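Here the structure is laid out as structure tokens; the discussion comes afterwards.
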Amino acid sequence: MNIQRSSEPTGTDDPATGGTGASVRFENVQKSYDGETLVIKDLNLDIARGEFLTMLGPSGSGKTTSLMMLAGFEPATHGEIYLNDQPINAVPPHKRGIGMVFQNYALFPHMTVAENLAFPLSVRNMPKAEIAAKVARALEMVELPDFGSRRPAQLSGGQQQRVAVARALVFEPDLILMDEPLGALDKQLREQMQYEIKHIHDNLGVTVVYVTHDQAEALTMADRICVFDQGVVQQLSTPDELYEKPANSFVAQFIGENNRLSGHITDIQGGECRVDLDGGGSVTALAVNVAGTGERATLSIRPERVVLVGPTDDNLANRLTGRVEELIYLGDHIRVRMTVAGNRGFVVKLRNDGERPSVKVGDTVAIGWQAADCRALDPIDA
Amino acid sequence: MPTATDTVAAGDLGPLTTGDGTPLKTALARATRRARLKALFLVAPLLLFVIVTFAVPIGQMLYLSIYNPVFSDNMPRLSSWLRAHDVTEVPGEDAFKALVLDLTEARANRTHAQVGTRINYERSGATSLFKSTARKIKKIKGPPYKDQLLALNEEWGELHLWTVMSRAAAPHTAAFYAQALDLSYDAEGDIVRAPENRRIYGHLFLRTLLLSALVAGLCLILGYPAAHLLASLPLKYSNLLMVLVLLPFWTSLLVRTTSWITLLQSQGVLNDMLVSVGILSDDGRLELMYNQWGTVIAMTHIMLPFMILPLYSVMKTVPKDFVRAARSLGAGPVTAFLRVYLPQTVPGIGAGVLLVFIISVGYYITPALVGGSSGQLISNQIAFHMLQSLNWGLAAALGALLLGGVILLYWLYDRLVGVDNMKLG
Ligand SMILES: Nc1ncnc2c1ncn2[C@@H]1O[C@H](COP(=O)(O)OP(=O)(O)OP(=O)(O)O)[C@@H](O)[C@H]1O
Ligand SMILES: [Mg+2]
């Protein structure tokens, strides 16, 4: 894997760097709907031109709200949003020139597909011939050249989706917002559309801000992923970094499968720390997000980085024993659920490569992992 | 797919059949018949109720507009004579004999006044003619009837009277419709337009349609923003607002109308206020009651919920995203409203306007109370003929024309907008 962009693990890019070609910039943005709770606590975010940025987070974390503020449908309670280095808090939505794809597509039901596509052009008073040409080209782009005279209701979900994307692109904005645009599609179609949207993005070079709460979608599509929780950006990184180097326990738990072990720190040295586990035993981990010696921490280990060790292997920094609780056969690999240091949900993935050691439910086996694969993060009560 | 090809193959061979060879259509009809019968059974009480209390009385009422047997029943001899002869001049002794015999009998049965009234519909003065003649009919003891009757009252020698009676002799008549359309028969029995001073109904129909359209228009203008507010507010506020919208339904119509009178009459609250502020002079008080404005204002108020409710129910289903999408695509607020929001509320507008218009066209109490003479609608005339003049035939004819007009408008609406497009709730 190659990492194209590196970023601060906390995701709060320095806002003071001035106009550096960022397409969108949120600066200390806060948002409250009711005057009592902050839905967006302090959003600082730079989105580069041409970037595909995905906002990922659990329901209610403020993704849509951020998008709505960017599109101009919700005012920011505090802070400033910049579009191409211009502050846009006072610019009404129709003058922002941002294309938007809504979750339920919002195709105008009383217009044909062609009229829907012509809408953004006709409100810009473009000549009729030019509109017709652009509409035809847009339909071509989403592979629906013969569907111009249909009504949205006469299209399948996937076709409506494409029309919605085409409509958001037809007036050639350089920023497109998509709020869970594939949420209503079935899995297969969703994967196909993911590919097509990505393809369009690569071809046109527009900036895309894409909201989803499907992490697989985020990982496959995005240049960078912005993980939200409770109105705070938890981490802003490339997909691989997000998966392999989560900055805190929330991200570690939210992205991919994760094993958690709680304990307290006994020693910190040179980026590594020693943690005594609550369930017994002691391990060495990368000190990523820890408070200091004596404080509590949560360890994060990906299931595929844990190995079963024979008595002779001793090049692993960390060794523990676990009791096998459950085996799930998944073809290419086997999921082993075991109890490790008091955690009954500890998962190990065994590759099904013919050399796997045979384990049975009830066995007590030795497991281990490298210190580099184990990250000590902020404590959460498991 | 196997099923698809099967179907196509079977389709090529002829009509589809089920396993035992019954045609599929027959089998389907048989299978659904039971369900339909059951459904019919469940709605039967309502159906019966509607037929007994609505369809039948209305049908009978409408029949009265073309059927009036008062004359033919109570004046049998004269009626059969008149039916057998063409009346082109005042008839001779035969007819007068029949008239005298019938009148004698009618007096004995005390029906002569009804008969007179029936003739009076088309010839004023006939009631008193029949009454006075019947009172003295015993003086006529034998022929010559014609001369004696003419001696009693010369009016019996007028051709117009005879043509009117000749038309009344047939129990089925178009006379009421003619009258409702401001037409009348001249002395020769031809249909002509009624004299200028007796043309009331055409004017009244026109006024009814115009005022109803005005009320519907005002309701739309006032109700549209209210419905939109209602549909876009959070639930806790919109519920309260909805209660306010529905409040008029909970207060008596009379109370509301009376309060409008208190408010708007020339010595009323509004005028007093305007005078005391100095906007109006004391003798320049606005006349807002007992004229057309009174009718329009009070009816607009009464009809408003009928506009807001269908609009609201449509607006509720228009997702916010549509307008947002329009805005994000570059449409200003006005364009987004006109090109995206408004078209989607057309079903509600259609339903509301049609509802308000149709109710207004038949409205009666409010114009009667606050309309003065210039704010009377056709239904007030219908009520007058039902209750005061007791000319039910004319009332029925007016009612039938009103119904026909409304159906025509509904048909037009269906052709132009499409009734499927309408959403009432
Ligand atoms: N119009 C609104 N009025 C009041 N509160 C709102 C409004 N819209 C959103 N919220 C609140 O703001 C918070 C964030 O909502 P938002 O819609 O941004 O979440 P989200 O991340 O898009 O979630 P989801 O994945 O479910 O779409 C939620 O707690 C929600 O209840
Ligand atoms: Mg959302």
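The values are calculated or read from the model by the stated rules, or taken from the named source; none is laboratory data. A quick note: this is a predicted structure, and the numbers were derived from the prediction, not measured. Methodologically, a virtual Cβ is constructed for each residue, glycine included, from the backbone with ideal geometry; neighbour enumeration extends over all protein chains shown. Areas reflect the complete protein model, heavy atoms only, side chains present, ligands, DNA and RNA absent. Shrake-Rupley method; radii C 1.70, N 1.55, O 1.52, S 1.80 Å.
Worth pointing out:
- Spatial separation of Cα centroids for the range A:74-141 and the range B:53-71, in angstrom: 62 Å
- Whole-percent carbon and sulfur share, accessible surface of the range A:259-377, 1.4 Å: 45 percent
- Calculated [222 nm] ellipticity per residue, helices only, for chain B: -21500 deg cm²/dmol; basis is -39500 (n - 2.57) per DSSP H run with n ≥ 4, divided by all residues, nearest 500.
- Annotation: extensible slack from B:Thr18 through B:Met273 equals 83.7 nm (criterion: 0.36 nm per residue apart, minus Cα-Cα distance).
- Kirkwood Rh in Å, taken over the range B:70-172 so that all alpha-carbon pairs contribute: 13.2 Å
- Cα-Cα separations in chain A greater than 31 Å, expressed as whole percent: 47 percent
- Against the rule of thumb 2.2 N^0.38 Å, how large the Cα Rg of the range B:143-288 comes out: 1.91
- Net charge of Cβ neighbours under 15 Å - reference B:Ile119; Lys, Arg +1; Asp, Glu -1: -1
- Each residue, A:Asn28 and B:Lys131, gets one label point 7 Å from its Cα in the Cβ direction; the gap between the two is 9.6 nm.
- Net charge of Cβ neighbours under 14 Å - reference A:Arg344; Lys, Arg +1; Asp, Glu -1: 0
- For the range B:201-421, the ratio of Cα radius of gyration to the globular rule of thumb 2.2 N^0.38 Å stands at 1.18.
- Using the alpha-carbon positions of the range A:145-185, Rg (one decimal) and Dmax (whole number) come out as 11.1, 30 Å.
- Counted by Cβ distance under 10 Å from A:Val290, the other residues give a net charge of 0, where Lys and Arg count +1 and Asp and Glu count -1.
- Adding -39500 (n - 2.57) for every DSSP H run of four residues or longer, then dividing by how many residues chain A holds, sets the calculated 222 nm ellipticity at -6500 deg cm²/dmol.
- Listed residues B:Ala39, B:Ala151, B:Ala134, most fluctuating in chain B (Gaussian network, C-alpha, under 10 Å): B:Ala39
- Paramagnetic label zone (point 7 Å from Cα along Cα-to-C-beta, B:Tyr63; backbone N under 17 Å) in the range B:96-126: none
- Residue of A:Gly271, A:Gly57, A:Gly342 that the Gaussian network model of chain A assigns the largest fluctuation, springs spanning Cα pairs under 10 Å: A:Gly271
- Its Kirkwood hydrodynamic radius, worked out from the mean inverse distance over all distinct Cα pairs, puts the range A:259-377 at 14.6 Å.
- Using R0 = 45 Å, the C-beta based FRET efficiency linking B:Arg199 and B:Leu229 works out to 0.50.
- Kirkwood Rh and Cα Rg combined as Rg/Rh, the range A:40-163: 1.01
- Using a Förster distance of 25 Å, the FRET efficiency for A:Asp85-B:Phe337 (Cβ separation, nearest 0.05): 0.20
- Once the GluC sites (Glu not before Pro) in DSSP loops with at most 14 neighbouring Cβ atoms within 10 Å are cut out of chain A, the longest remaining piece is A:144-256.
- For the range A:230-306 versus the range B:213-255, the gap between their alpha-carbon centres in whole angstrom: 59 Å
- Dimensions of the range B:316-425 from C-alpha coordinates, computed as largest minus smallest value along each principal axis and given longest first, are 65, 30, 21 Å.
- Size estimate for the range B:288-377 follows the Kirkwood approach: the inverse of mean 1/r over distinct Cα pairs works out to 14.9 Å.
- Dividing the Cα radius of gyration of the range A:22-249 by 2.2 N^0.38 Å, with N the residue count, gives 1.01.
- Fluctuation leader among B:Leu152, B:Leu48, B:Leu235 - chain B, Gaussian network, Cα springs under 10 angstrom: B:Leu48
- Per the accessible-area calculation with a 1.4 Å probe, the total area buried between chain A and chain B rounds to 1800 Å².
- Rounded tilt (10° steps) of B:2-13 against the dominant C-alpha axis of chain B: 40 degrees
- Space enclosed by the convex hull of the alpha-carbon atoms of the range A:168-321, per residue, Å³: 174 Å³
- Degrees, to the nearest 10: B:93-109 long Cα axis against longest axis of chain B: 70 degrees
- Using alpha-carbon coordinates, inclination of helix B:378-387 to the longest axis of chain B, degrees: 50 degrees
- Where only C-alpha atoms are counted, convex hull volume of the protein assembly as shown per residue in Å³: 325 Å³
- Gain upon complete extension [B:Leu254, B:Leu280; 0.36 nm per residue less C-alpha separation]: 6.4 nm
- Förster radius 35 Å - calculated FRET efficiency between B:Tyr364 and B:Arg110, Cβ distance, rounded to 0.05: 0.60
- Length gained on full extension, A:Asp240 to A:Arg49, computed as 0.36 nm times the residue gap minus the Cα-Cα distance: 66.7 nm.
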